[in-house]
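The structure under discussion appears below in the form of structure tokens.
The values are calculated or read from the model by the stated rules, or taken from the named source; none is laboratory data. These numbers come from a predicted model, not from an experiment. A quick note on method: Cβ atoms are made from the backbone with ideal geometry, for glycine too, and the neighbour counts reach across all protein chains shown. Accessible surface is based on the protein model in full, side chains and every heavy atom, while ligands, DNA and RNA are left aside. Shrake-Rupley method; radii C 1.70, N 1.55, O 1.52, S 1.80 Å.
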Amino acid sequence: MNPAIIIYRVGNFFYRKKMTTVSKLFTYVNRLLFAVWLPSSATIGKNFTLGYGGLGVVIHSDTKIGNNSQVNQNVTIGRNFGDSTVPSIGNDVYVGAGSVIFGEITIGDNVIIGANSLINKDIPANTTVAGNPFVIIKENRKRKYFEYN
């Protein structure tokens, strides 16, 4: 397991125990050691991975990411100006390097987001998207990304 994710998991444990000051310390340790902003308050499922140790990744503190998902380097997941919520990302989602995901949106299960994509609208499940702005490349995918590995 990636050391940045281990530090996140420890910080998240303290966050869930209402020890927010300690949990913030773990968030800053991640920032200093691995150049990743992975707040302990974010909700991240099992088997989450970061490409290249999460270098340059910024994830909003209220983000929800499902199980078996991968976020690659230089990805930003956050809120749009004026929005009250942040993206919710489903299970089995692959986010390509350099992508930006923002707004009050939901990304379904089993989605592949190509590198350098701009995602500001909902993405249905079992879809492959890419581009700036994104376009749907493939729908109704049956095979999950992580089955290829």
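Per residue of the chain, the DSSP helices (runs of n ≥ 4 H) give a summed -39500 (n - 2.57) that works out to -6500 deg cm²/dmol at 222 nm.
Tell me, what is the per residue accessible area of the chain in Å², probe radius 1.4 Å? List each step's numbers first, then the result.
Working: 7940 Å² over 149 residues.
The answer is 53 Å² per residue.
Using only the alpha-carbon atoms of segment 70-147 as identical scatterers, what base-10 log of I(q)/I(0) does the Debye formula give at q = 0.15, 0.16, 0.23, 0.26 Å⁻¹? With one equal scatterer per Cα and no solvent, log10 I(q)/I(0) is -0.43, -0.50, -1.03, -1.29.
Close amide H partners of SER99, meaning residues 5 or more places away or on another chain with modelled amide H under 5 Å apart, are THR76, ASN116, SER117. Using equal-weight Cα scatterers in the Debye expression, the normalised intensity of segment 6-149 in log10 at q = 0.09, 0.14, 0.20 Å⁻¹ is -0.25, -0.61, -1.20. Peptides 74-87, 128-141 ordered by packing proxy, namely the average of other Cβ atoms within 10 Å per residue, highest first: 74-87, 128-141.
Rank GLY66, GLY45, PHE13 by how far each Cα sits towards the positive end of the charge dipole of segment 1-71 (+1 on Lys, Arg Cβ; -1 on Asp, Glu Cβ) and give me just the farthest. My answer, from the dipole projection, is PHE13. The amide H of PHE48, built 1.01 Å from its N in the peptide plane, has ASN68, SER69 as neighbours under 5 Å, considering only residues 5 or more places off or on other chains.
Over all pairs of different C-alpha atoms in segment 1-82, the reciprocal of the mean inverse distance, the Kirkwood hydrodynamic radius, equals 12.4 Å. Note that segment 22-35 has calculated 3J(HN,Hα) couplings of 5, 5, 5, 4, 5, 4, 6, 4, 4, 4, 6, 7, 10, 6 Hz, one per residue in order, obtained from phi through the Karplus relation 6.51 cos²θ - 1.76 cosθ + 1.60 (θ = phi - 60°); glycine and proline are x. How much of the DSSP bridge set in the chain is antiparallel, in percent, rounded to the nearest 5? Antiparallel: roughly 15 percent of the beta bridges in the chain. Entry note, the chain: relative contact order of 13 percent, from Cα contacts under 8 Å with a spacing of 6+ residues.
Rounded to the nearest Hz, the phi-derived 3J(HN,Hα) couplings of segment 108-125 under the Karplus curve 6.51 cos²θ - 1.76 cosθ + 1.60 (θ = phi - 60°) are x, 6, 6, 10, 10, 10, x, 4, 6, 8, 10, 10, 9, 9, 4, 10, x, 4, where x marks glycine and proline. Angle of helix 3-16 to the longest C-alpha principal axis of the chain, folded into 0 to 90 degrees and rounded to 10: 70°. For the chain, lysine pairs separated by 8 or more sequence positions, or belonging to different chains, with Cα-Cα distances below 23 Å total 14. Computed in the context of the full set of protein chains, the accessible area of the chain at 1.4 Å probe radius has 55% of its extent on carbon or sulfur.
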